[in-house]
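Participant: Sharing a structure here in structure tokens format.
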Amino acid sequence: QVQLVESGGGLVQPGGSLRLSCVASGNISKIYVMGWHRQIPGKQRELVAVDVSGGTTTYADSVKGRFTVSRDNAKNAVYLQMNSLKPEDTAVYYCHAALSVGGALIPGTYWGQGTQVTVSS
């Protein structure tokens, strides 16, 4: 069984910073992609940032220049450094990973339970 556990959410003032962490555990053979989505109540979940194995990163236009995604492959971890936070960044942030389990050739997609980020004065 694979688990993704997030941490680091909370309340921050506009212009502040937060760092989210996510660690994957279980019988993992290989992690191909790790990243972050977010969801505002009543809206669809949207991509924030992803880090593909090999160092390629992709960001939503709304967070470019403010957020940075990074991975620690030795720890099966992905991080999201969020700077210059805005009220519109308020959402539940979900970690996700595309990974193979137990030697399987085809990877599956797994999600964390989500962590709330609130940007408010």
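The values are calculated or read from the model by the stated rules, or taken from the named source; none is laboratory data. Note that this is a predicted model, so its numbers are computed, not measured. Cβ atoms come from the backbone with ideal geometry, glycine included; neighbour counts cover every protein chain shown. SASA here: full protein model, heavy atoms, side chains in, ligands and nucleic acids out. Shrake-Rupley method; radii C 1.70, N 1.55, O 1.52, S 1.80 Å.
Participant: Of all residues in segment 19-51, count the ones that are open to solvent by less than 30 Å² (accessible area, probe 1.4 Å) and either over 9 Å from the mean Cα position of the chain (by Cα) or charged (D, E, K, R) (or both). Break it down into steps so the answer makes sense when it comes.
Facilitator: Step one: filter segment 19-51 for residues open to solvent by less than 30 Å² (accessible area, probe 1.4 Å), giving 20-22, 24, 31, 34-36, 38, 48-51.
Checking which are either over 9 Å from the mean Cα position of the chain (by Cα) or charged (D, E, K, R) (or both) leaves us with 24, 31, 38, 51.
Within segment 19-51, residues that are open to solvent by less than 30 Å² (accessible area, probe 1.4 Å) and either over 9 Å from the mean Cα position of the chain (by Cα) or charged (D, E, K, R) (or both) number 4.
Participant: Still on this structure, I have one more. Take segment 49-64 and flag every residue that is assigned to a loop (DSSP other than H, G, I, E, B) and in contact (Cβ under 8 Å) with a residue 12 or more places away in the chain. Steps first, answer last, please.
Facilitator: Quick first cut of segment 49-64, residues assigned to a loop (DSSP other than H, G, I, E, B) only: 53-55, 60-64.
Scanning segment 49-64 gives Ser53, Ala60, Ser62, Val63.
Participant: Related question: For segment 80-106, which residues satisfy the criterion of being assigned to a strand (DSSP E or B), open to solvent by 10 Å² or more (accessible area, probe 1.4 Å) and either among the β-branched types (Val, Ile, Thr) or more than 17 Å from Glu46 (Cα to Cα) (or both)? Walk me through it before giving the result.
Facilitator: Initially, segment 80-106 is screened for residues assigned to a strand (DSSP E or B), giving 80-82, 91-101.
Okay, now just the ones that are also open to solvent by 10 Å² or more (accessible area, probe 1.4 Å), so 81, 92, 94, 96, 98, 101.
Selection gives Gln81, Val92, Val101.
Participant: Give me a count of the residues in segment 72-112 that are over 15 Å from Val5 (Cβ atoms), touching a residue at least 60 places away in the same chain (Cβ under 8 Å) and of a type in the set (Ser, Thr, Tyr).
Facilitator: The total comes to 2.
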